[in-house]
Amino acid sequence: MEHEVNVWASIRRIIRRSNASTAPLLSGLALRVPERCCEVLPYLLCWLWLSAALGAPWPGFEWAGRPGWLALGLVALFALQWCLAFGGQKLCFLSSYRIIERYREQLLERVRKMPIGVLRSQRVGRMADLLTDDINRVESIFAHVLADFVAAAGLALTALLLLAVIEWRLALALAGLVPLAMLALTTSRRLFERAGLRKFAVVKSTAGMLVEFIGGLATLRLFNRTDAWIRRLDLAFAELKVLSLGIEKWGGGPVMLFRLIVECGLVSLFIVGGWSAWAQDVRPLAWIAFFLLAYKFLGPLLELAEYLVMLRHACQSEVKLNEVWMVELLAEPEKAERPANLAVQFDDVSFTYGENPVLRNVSFTVPEGSVTAVVGPSGAGKSTLLHLMARFHTPERGSVRIGGLDLRDIGSEQLYGLVSMVFQHVQLFDGSIIENVRAGREQACDDEVIQACRAARCDAFIRSLPDGYQTRVGESGFSLSGGERQRLSIARALLKDAPLLLLDEVTASVDPPTQLAIQTTLGQLPAHRTVIMVAHRLSTVRHADQIVVLSGGRVAEIGTHEDLLGRNGVYAAMWKAQAFTA
C-alpha cells in the first residue's frame, strides 16, 4: 500500500509519540539559525567599511571607516559564531538523541503490547529492518538534516533581506525565479514518494526472502532447490536495482533542475543590473554588495533542495514505522478482575484469518483441574483455539472465559500470570540452558530449575553435555535435538507453575522414547492444574478427562476416549486410521 509522505506531519508524529520535550530542540534550532547567519555578516562588515573608506558610507554607518573597527568586528563575529555553533549543536544533538531514544522506547513498548498473533504473522526480516535500519533513518532527521535545513533556510532568508535593504530591485531579480524552482521540486514529490515506497516494499520482501533462504539453506540443498531460490533473489535484486535508479531519477533529477533554475537568478541579476547601470540608477557600491552576498543567498538554497530530499527519504521510514503504530492493540480493562476458579469456557466462538473462517460457533467447557484434549484433522482450528485461549487474538464473535470472566475483563497481564504454554515450535534463546529454563520464573533458584528439568525428563541429557546446565544452546537452540528442545520448553512451563497449562502438539516431532517421557511427565502433573492440550497422535490423549473433536472449524464430538470410539464418528475414524498406519 502506498502512503503519502508529509515531512512535517512525520516530524510532528515522531515528537508527539516520543513524549519528549521539544524546548531543547527549538532552542538549539534558534541558535543554529543566527550561527549560520554569522557567515554573511563578515561580508556585510567589509562592505560597510569599504563604503565608508571610499567616502560614500551607508546612511547611519559613517563611523564604519574608523581604523581597527573592521578587525574588531570580525573577531567579535567569529567568537559569537563559535559560541552559537557550540551551544546550538550541543542542544540539537542531545535533544535529537533524547527524542529518538524515547521514540524507540515507546515503539518497542508498543511492539511488546501488540497482539502476539499479529507479531507471529510478520516476517522476522521485515520487523528487524523496521526496528533497526528504519529507526536509524528516522534518527538522522533530528540528529543531522532538520537542523541543517532550518539553518540553511534562515541564512538564505537573512541574506535576501539584507540584499533587499541595499537594493530591492536587484534582490528581486536574484530571487525572482526561486518560486519556479520550488514548484519544480514539489511537483516531483509524489513521483519520488511512489518510487521510494515501491523500493521499500521490495526491500521488505527481499529481506524476508533472505532470512528464509539462510534459515532453510540446509533443506534447500538437500532438495536441490538452491538454484531456484538464487534465481528468485536475483530477480528481486534486479527489481531493486531498477527501483533504486528510479529513486535517483525522481530524487536527483528535480534537485538538479532546482539548482539550474536558482542559479539562473544570477543571469537575471546581471540582466537587470546591466539595465540599471545603463540607466545609472544603481550605485556601484550596491553592485559590490551583491557580488559579496549573492552566493550567501544562492548557496543555502542549493543546500535546501538536497536536505529536503534527504528529509523525504528519512520520512518514508517513518511512514513504514507508522504502520506499526497503527496496529490495534488488545483492549485492556481499566481494572482487571481475578477469576474465582480456573474453569475454561468457549462460548459460541468464531474466528477468521483474513478471509478464511477457521472456527465457527465453537462452544465447550473445560472443568477446573481437568485435562482436555483437542483433536481433529489438519486445518480444523486446533491451534487457533489455544491461541485464542492465550489471547494471541480476540474472537470475532463469542467469548473465551475463565471462571466465568471474559478474557478481556481479566486482562493480558493477569492472564499470562495464570497461563503457561508449550508451543509446537520451541523458541530458545542464545544463552545457557539454565538461563533458558529460568525464563519461566526469573526468581527461581538453581535447585528449583534442576527440579523442573528432572520433572520434564531432561536432567539426564543436560548433565551429559560438556558444561551441563551452563551449556550454551546457540541461537534458537539449534545445537539441541527437537525432543531436547521440547523437554526444555516443558521444564520452563513447569517452573512457572501456572495453574492453567496449554500444550500445542508437544509430541508431534519427537521419537517414541521421548514421546513416552513427555507423556509420563504430563501424567504426573499436579491434580489442581487445568490442562488443555492439542494433539495429533490420539494415543497421547486417550486418558484425558474429555476429548473435543474439531472438524471444519466446528465441534464435531465431545467425550472420553471410550465414549467417542463407541459413537463410531470422526474420532473413531481417526483412531482406526492411526492404528492402521502404526
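The values are calculated or read from the model by the stated rules, or taken from the named source; none is laboratory data. Please read all numbers here as calculations on a predicted model, not as lab measurements. Virtual Cβ from ideal backbone geometry, glycine too; neighbours counted across all protein chains shown. These area figures cover heavy atoms from the full protein model, side chains too; ligands, DNA and RNA do not enter into them. Shrake-Rupley method; radii C 1.70, N 1.55, O 1.52, S 1.80 Å.
Is it the case, given these coordinates, that residue 359 is open to solvent by less than 10 Å² (accessible area, probe 1.4 Å), in a helix (DSSP H, G or I) and within 24 Å of residue 556 (Cα to Cα)?
Details: open to solvent by less than 10 Å² (accessible area, probe 1.4 Å): yes; in a helix (DSSP H, G or I): no; within 24 Å of residue 556 (Cα to Cα): yes.
When the stated conditions are applied, residue 359 does not pass them.
Note down all Cβ pairs under 6 Å where the first residue falls in region 288-305 and is farther than 14 Å from residue 270 by Cα, the second is part of a helix (DSSP H, G or I) and among the polar types (S, T, N, Q), and they're at least six residues apart or on different chains.
none
If residue 455 satisfies every condition in (1) more than 37 Å from the chain's Cα centre (by Cα); (2) over 30 Å from residue 367 (Cα atoms); (3) in contact (Cβ under 8 Å) with a residue 40 or more places away in the chain but one, which is the exception?
(2)
Looking only at region 505-558, which residues are at pLDDT 85 or above and of a type in the set (Ser, Thr, Tyr)?
Those that are at pLDDT 85 or above and of a type in the set (Ser, Thr, Tyr): 530, 551.
Determine if region 346-353 includes at least one residue that is over 34 Å from the mean Cα position of the chain (by Cα), at pLDDT 90 or above and part of a loop (DSSP other than H, G, I, E, B).
No: region 346-353 contains no residue that is over 34 Å from the mean Cα position of the chain (by Cα), at pLDDT 90 or above and part of a loop (DSSP other than H, G, I, E, B).
Per-residue answers, yes or no, for (1) in contact with a Lys or Arg (Cβ under 6 Å, 6 or more places away or on another chain); (2) open to solvent by less than 60 Å² (accessible area, probe 1.4 Å):
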site	(1), (2)
536	no, no
545	no, no
556	no, yes
561	yes, yes
566	no, no
570	no, yes
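In region 143-200, which residues are among the aromatic types (Phe, Trp, Tyr) and at pLDDT 85 or above?
From region 143-200, those among the aromatic types (Phe, Trp, Tyr) are 149, 168, 192, 200; that's our starting set.
Across region 143-200, the qualifying residue is only 149.
Tell me, which residue of region 240-286 that is of a type in the set (Phe, Trp, Tyr) and either in contact with a Lys or Arg (Cβ under 6 Å, 6 or more places away or on another chain) or at pLDDT below 75 (or both) is least open to solvent (accessible area, probe 1.4 Å)?
The initial filter retains those residues of region 240-286 that are of a type in the set (Phe, Trp, Tyr), namely 250, 258, 270, 275, 278.
Now restrict to residues that are either in contact with a Lys or Arg (Cβ under 6 Å, 6 or more places away or on another chain) or at pLDDT below 75 (or both): 250, 275, 278.
Working: 250: 87, 275: 174, 278: 191 Å².
The residue in question is 250.
In region 77-103, which residues are in contact with a Lys or Arg (Cβ under 9 Å, 6 or more places away or on another chain) and under 14 Å from residue 146 (Cα atoms)?
Of everything in region 77-103, those that are in contact with a Lys or Arg (Cβ under 9 Å, 6 or more places away or on another chain) and under 14 Å from residue 146 (Cα atoms) turn out to be 88, 89, 91, 92.
Search region 24-47 for residues being free of Cβ contacts under 8 Å to residues at least 60 places away in the same chain and in a helix (DSSP H, G or I), and hand back the single one that is nearest to residue 326 (Cα to Cα). If you could, list the steps in order and put the result at the bottom.
Step one: of region 24-47, the residues free of Cβ contacts under 8 Å to residues at least 60 places away in the same chain are 26, 30, 38, 41-42, 45.
Then drop every residue that is not in a helix (DSSP H, G or I), which leaves 26, 30, 41-42, 45.
On the way: 26: 28, 30: 33, 41: 48, 42: 50, 45: 54 Å.
The extreme case among them is 26.
Can you tell me how many residues in region 375-392 are part of a helix (DSSP H, G or I) and buried (at least 20 other Cβ atoms within 10 Å of the Cβ)?
Keep residues of region 375-392 that are part of a helix (DSSP H, G or I), which gives 382-389.
From what's left, buried (at least 20 other Cβ atoms within 10 Å of the Cβ): 382, 384-389.
Summing the residues that are part of a helix (DSSP H, G or I) and buried (at least 20 other Cβ atoms within 10 Å of the Cβ) in region 375-392 gives 7.
Check whether at least one residue in region 461-473 is touching a residue at least 40 places away in the same chain (Cβ under 8 Å), of a type in the set (A, V, I, L, M) and in contact with a Ser or Thr (Cβ under 6 Å, 6 or more places away or on another chain), and report yes or no. Don't jump to the end; show me each part of the working.
The first filter runs over region 461-473 and keeps only residues touching a residue at least 40 places away in the same chain (Cβ under 8 Å), leaving 472-473.
So of that shortlist, the ones also of a type in the set (A, V, I, L, M) come out as 473.
Then drop every residue that is not in contact with a Ser or Thr (Cβ under 6 Å, 6 or more places away or on another chain), which leaves 473.
Yes, region 461-473 has at least one match.
Are there any helices (runs of 4 or more DSSP H) wholly within region 393-461 with 2 or more residues that are farther than 24 Å from residue 119 by Cα and open to solvent by less than 20 Å² (accessible area, probe 1.4 Å), and if so which?
Numbers: elements: 407-410, 412-418, 433-438, 446-455.
Here the list reads 433-438, 446-455.
Considering each residue of region 1-23, count those that are free of Cβ contacts under 8 Å to residues at least 12 places away in the same chain and open to solvent by less than 50 Å² (accessible area, probe 1.4 Å), and give that number.
Total meeting the criteria: 1.
Six or more apart or on different chains, Cβ under 9 Å: which pairs go from a residue in region 559-572 that's in contact (Cβ under 8 Å) with a residue 60 or more places away in the chain to one that's open to solvent by less than 50 Å² (accessible area, probe 1.4 Å) and part of a helix (DSSP H, G or I)? Could you list them?
Close Cβ pairs (under 9 Å, with a partner that is open to solvent by less than 50 Å² (accessible area, probe 1.4 Å) and part of a helix (DSSP H, G or I)) amount to 570/564; 571/538; 571/561; 571/564.
So, restricting to helices (runs of 4 or more DSSP H) that lie completely within region 48-138, which ones have at least 1 residues that are open to solvent by 20 Å² or more (accessible area, probe 1.4 Å) and at pLDDT 85 or above?
On the way: elements: 69-113, 116-120, 124-129.
Ranges flagged: 69-113.
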